[in-house]
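Reviewing the structure listed below.
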Amino acid sequence: MITVGIDSGNRSTKVVVLKDGEVISRYMTLTGFEINEAATEAFTNALGQAGLKAKDVAALASTGVGRSEIKFAQAYVTEVEAAARGARFVVPTVNTIIDLGAEEGRAIKLTLEGKISDFATNEKCAAGAGSFVESMARALQTTAEEMGPLSMKHTKKVPMNAQCVVFAESEVVSLIHQNTAIEDIAKAVHDGVSNRVSSIVRRVGIVDDVALIGGPGKNIGLVQSLSEDLAKVIIVPEYPEFISALGAALYAVEIG
């Protein structure tokens with residue numbers, strides 16, 4: 001049976017295609033202003049990679065902030081449910097999930113049976129998400145992809161207090177003028193994000209194992225900061241940005 005999951009996020013739209021419970025295709029594109037069009041493009045390309053047509057799909061479910069705008073979806077799944085399903089599928093031992101996107105972050109605690117027992121979301125400020133790191137990277141005249149490796153080369157800890165992107169950019173500029181090493185500033189940025197995310201995780205409670213999903217999971221500097229803050233090994237599954245789309249595809253199996 002072929003099922004599809006679509007994760008329509010603020011920044012990007014991800015698609016996962018499953019065949020009998022095995023991932024056979026992934027595709028990602030920018031969401032833009034036309035959510036349904038972006039989802040259609042990603043859906044078509046994901047199927048094309050697998051040599052499939054829309055008629056081959058038994059069921060399709062969508063998740064993410066734009067899920068209800070995807071008109072051809074047969075079911076809609078909350079971000080929390082999709083994240084929980086996807087994370088447990090790829091990391092069967094996970095009980096605490098940190099789900100980070102471009103504009104928000106959330107923590108999810110599971111029961112031993114894999115059911116959601118509690119969750120908390122930070123939606124008020126992007127300071128706990130990927131877009132904050134991107135903004136700070138621009139202020140440092142580097143890229144978000146380079147921020148992780150840079151921070152791993154830090155030689156000292158630099159406090160960074162601002163949570164708002166605008167104030168944080170001013171703080172970064174001030175640190176640059178003080179001749180603070182870019183590696184130390186990058187570490188401060190990741191520590192700042194980690195501190196805010198960790199407070200959300202502690203709110204729901206930490207139970208081993210802990211997994212980080214979402215695009216920021218590819219940032220090794222942020223992973224290190226979270227591991228230090230929580231005093232836990234942080235598991236990052238392969239293709240962390242596709243985990244929620246995978247969860248939606250797994251949900252589609254039930255309605256297919």
Protection proxy (average C-beta count within 10 Å per residue), highest first, orders 242-248, 113-119, 211-217 as 242-248, 211-217, 113-119
Between the modelled labels at Gln141 and Val233 (7 Å from Cα along Cα→Cβ) the distance in nm is 4.1
Answer in debye to the nearest 20: the dipole magnitude of the chain about its Cα centre, from +1 Lys/Arg and -1 Asp/Glu charges placed on Cβ, is 200
Under the helix-only model (-39500 (n - 2.57) for each DSSP H run of 4 or more, divided by the residues of the chain), the mean residue ellipticity at 222 nm, to 500 deg cm²/dmol, is -13000 deg cm²/dmol
In the structure shown, of Lys19/Lys71; Lys19/Lys53; Lys157/Lys218; Lys157/Lys187; Lys153/Lys187; Lys156/Lys187, the pairs separated by more than 18 angstrom at the C-alpha atoms are Lys19/Lys71; Lys157/Lys218
Helix 220-230: inclination vs the chain longest Cα principal axis, degrees, rounded to 10, gives 80
Checked region 65-124 against the a/c 1.5 cut and the a/b vs b/c comparison, axes a ≥ b ≥ c from its Cα gyration tensor; verdict oblate
Sequence order, region 137-146: Karplus ³J(HN,Hα) from phi using 6.51 cos²θ - 1.76 cosθ + 1.60, θ = phi - 60°, Hz rounded, Gly and Pro as x, gives 4, 4, 5, 8, 6, 9, 10, 4, 5, 8
Expressed as a percent, the accessible surface of region 1-67 that is carbon or sulfur, using a 1.4 Å probe and the full set of protein chains, is 49
Helix 165-177 sits off the longest principal axis of the Cα atoms of the chain, rounded to the nearest 10 on a 0 to 90 degree scale, by 40
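So for each of 39-46, 147-154 I average, over its residues, the number of other beta carbons within 10 Å; can you give me the resulting order with the highest mean first?
Packing proxy ranking, top to bottom: 39-46, 147-154.
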Expressed per residue, the solvent accessible area of the chain in Å² (1.4 Å probe) is about 45
Whole-Å distance linking the alpha carbon centroid of region 70-121 with that of region 189-256 is 10
The chain: relative contact order from alpha carbon pairs under 8 Å, six or more residues apart, as a whole percent, is 25
Partner aspartates and glutamates whose C-alpha sits under 17 Å from that of Lys55, ignoring same-chain residues fewer than 8 away, are Asp20, Glu41
Simple spin-label estimate for Lys71/Gln178, 7 Å along Cα→Cβ, in nm, reads 5.4
Which of [x] 0.93; [y] 1.00; [z] 1.12 is the computed Rg/Rh (Cα atoms, Kirkwood Rh)? It is [y]
Lys and Arg at +1, Asp and Glu at -1: neighbours of Val236 with Cβ under 13 Å from its Cβ sum to -2
With a 1.4 angstrom probe the carbon and sulfur portion of accessible area for region 185-229, in percent, totals 49
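The values are calculated or read from the model by the stated rules, or taken from the named source; none is laboratory data. In this text, all values refer to a predicted model and were calculated from it rather than measured experimentally. For neighbour counting, all protein chains shown are included, and Cβ atoms are generated from backbone atoms with ideal geometry for every residue, glycine included. For accessibility, only protein heavy atoms count, side chains too; no ligands or nucleic acids. Shrake-Rupley method; radii C 1.70, N 1.55, O 1.52, S 1.80 Å.
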